[in-house]
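A.B. asks: Got a structure for you, written out below as structure tokens; questions coming shortly.
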Amino acid sequence: MSEVANIPVVSALGGASFDGFARVREIGPLGMITLRAKPEVKGLSAAIKAVTGTAMPKQRRIEVKGEKAAGWMSPDEYLLVLPYTDVKAALATLAEKLADQHHLAVDVSDARAVFRIEGDRASEVLSKLAPADLAALEKGELRRTRIAQVAGAFWQDETGFTVVCFRSVAGYVMGALSHSAQPGSELF
């Protein structure tokens with residue numbers, strides 16, 4: 001557990017995990033900023049790079065560099081992921097880089113829960129819960145959809161999937177992911 005301004009920072013479920021035919025674990029706390037701006041806003045690409053070290057993501061993509069990422073969420077919305085302790089400085093950088101430009105940058109770190117699904121059969125866990133063609137999902141593609149009937153987003157990398165949902169439904173999502181990963185519930 002880390003501390004910010006003498007207030008303990010904890011993830012939604014305290015690092016819950018489940019080992020089945022795939023491993024499901026809550027990760028975090030992570031810093032997350034919702035950045036709203038039209039793609040043509042002057043300095044937007046440079047502001048995203050200054051905060052995350054990545055390029056501005058293209059439609060339905062996520063750019064990842066180390067612990068930081070920038071994901072495309074909608075035509076004028078980006079999700080910036082970074083260490084929790086970096087959020088305050090990142091917001092200041094965004095305000096500086098986008099001064100006099102129409103934008104909105106909000107710390108949503110404490111409003112989100114983040115999970116990892118890992119293992120050779122990680123896609124089976126999500127296949128049962130999300131109406132998305134995971135066989136067609138490319139690495140680096142970000143998908144916003146429903147996960148067990150709640151809003152969520154996910155992307156795939158070399159070792160599995162990262163799943164983001166609202167903190168208020170973290171317990172439900174962890175339960176659904178864990179149930180989906182139970183031995184004996186495999187799709188294939």
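A.B. asks: Count, please, the residues in region 30-75 that happen to be part of a loop (DSSP other than H, G, I, E, B) and surrounded by 15 or more Cβ atoms within 10 Å (Cβ to Cβ).
C.D. replies: Taking region 30-75 first, the residues part of a loop (DSSP other than H, G, I, E, B) are 37-43, 53-60, 66-67, 75.
Okay, now just the ones that are also surrounded by 15 or more Cβ atoms within 10 Å (Cβ to Cβ), so 37, 41, 43, 53-54, 56-57, 60.
Going through region 30-75 one residue at a time, the tally reaches 8.
A.B. asks: Something else about it: Under the condition of being surrounded by 12 or more Cβ atoms within 10 Å (Cβ to Cβ) and among the charged types (D, E, K, R), which residue from region 97-108 is nearest to R36 (Cα to Cα)?
C.D. replies: By that ranking, first place goes to D107.
A.B. asks: Ok, one more. (1) crowded, with 21+ Cβ neighbours inside 10 Å; (2) in a strand (DSSP E or B): which one isn't true of P8, the others all being true?
C.D. replies: (1)
A.B. asks: Looking at R60, is it charged (D, E, K, R) and on the phi < 0 side of the Ramachandran plot?
C.D. replies: The answer is no for R60.
A.B. asks: With respect to the numbered conditions (1) over 17 Å from T54 (Cα atoms); (2) modelled with pLDDT of 95 or more, which one is the sole condition not fulfilled by L80?
C.D. replies: (1)
A.B. asks: Also, I was wondering about something else. Check region 141-155 and report whether any residue there is surrounded by 15 or more Cβ atoms within 10 Å (Cβ to Cβ), touching a residue at least 40 places away in the same chain (Cβ under 8 Å) and touching a helix residue (DSSP H, G or I) at 6+ places or on another chain (Cβ under 7 Å).
C.D. replies: no
A.B. asks: What's the number of the only condition in (1) in a loop (DSSP other than H, G, I, E, B); (2) of a type outside the set (D, E, K, R); (3) in contact (Cβ under 8 Å) with a residue 12 or more places away in the chain that T93 fails to meet?
C.D. replies: Result: T93 fails condition (1) only.
A.B. asks: If you don't mind, there's one more thing I want to ask. Evaluate the following for G20: is it surrounded by 18 or more Cβ atoms within 10 Å (Cβ to Cβ), touching a residue at least 24 places away in the same chain (Cβ under 8 Å) and within 15 Å of V164 (Cα to Cα)?
C.D. replies: Details: surrounded by 18 or more Cβ atoms within 10 Å (Cβ to Cβ): yes; touching a residue at least 24 places away in the same chain (Cβ under 8 Å): yes; within 15 Å of V164 (Cα to Cα): no.
Judged against the criteria, G20 is not a match.
A.B. asks: Only residues that are crowded, with 16+ Cβ neighbours inside 10 Å and small (G, A, S): list them for region 156-174, please.
C.D. replies: G160, A170
A.B. asks: Output the qualifying pairs, or none if there are none: Cβ atoms under 7 angstrom, residues six or more apart or on different chains, first residue in region 105-126 and of a type in the set (S, T, N, Q), second residue assigned to a helix (DSSP H, G or I).
C.D. replies: S109/Y84; S109/V87; S123/L134
A.B. asks: Just to check your reading of the model, which residue among A50, A37 is within 19 Å of L142 (Cα to Cα) and of a type outside the set (S, T, Y)? Spell out the reasoning first.
C.D. replies: Numbers: A50 fails: within 19 Å of L142 (Cα to Cα).
Residue meeting the stated conditions: A37.
A.B. asks: If I ask for residues that are surrounded by fewer than 20 Cβ atoms within 10 Å (Cβ to Cβ) and over 22 Å from I7 (Cβ atoms), which ones from region 77-96 would you list?
C.D. replies: Those that are surrounded by fewer than 20 Cβ atoms within 10 Å (Cβ to Cβ) and over 22 Å from I7 (Cβ atoms): E77, T93, A95, E96.
A.B. asks: Now a separate question. Write out, first by first residue and then by second, each pair whose Cβ atoms fall under 7 Å of each other, whose residues are 6+ apart or on separate chains, and whose first residue, in region 38-56, is under 18 Å from D86 (Cα atoms) while the second is of a type in the set (G, A, S) and buried (at least 16 other Cβ atoms within 10 Å of the Cβ).
C.D. replies: Listed pairs, sorted by first residue: I48/A70; V51/A90; T52/A69; T52/A70; T54/A69; T54/A70.
A.B. asks: Where the second residue is modelled with pLDDT of 80 or more and surrounded by 10 or more Cβ atoms within 10 Å (Cβ to Cβ) and the first is on the phi > 0 side of the Ramachandran plot and lies in region 3-15, which pairs have Cβ atoms under 6 Å and are six or more apart or on separate chains?
C.D. replies: G15/E26
The values are calculated or read from the model by the stated rules, or taken from the named source; none is laboratory data. Note that the coordinates shown come from a computational prediction; the quantities given were computed from them, not determined experimentally. Ideal geometry is used to build each Cβ from the backbone, glycine not excepted, and the neighbour counts take in all protein chains shown.
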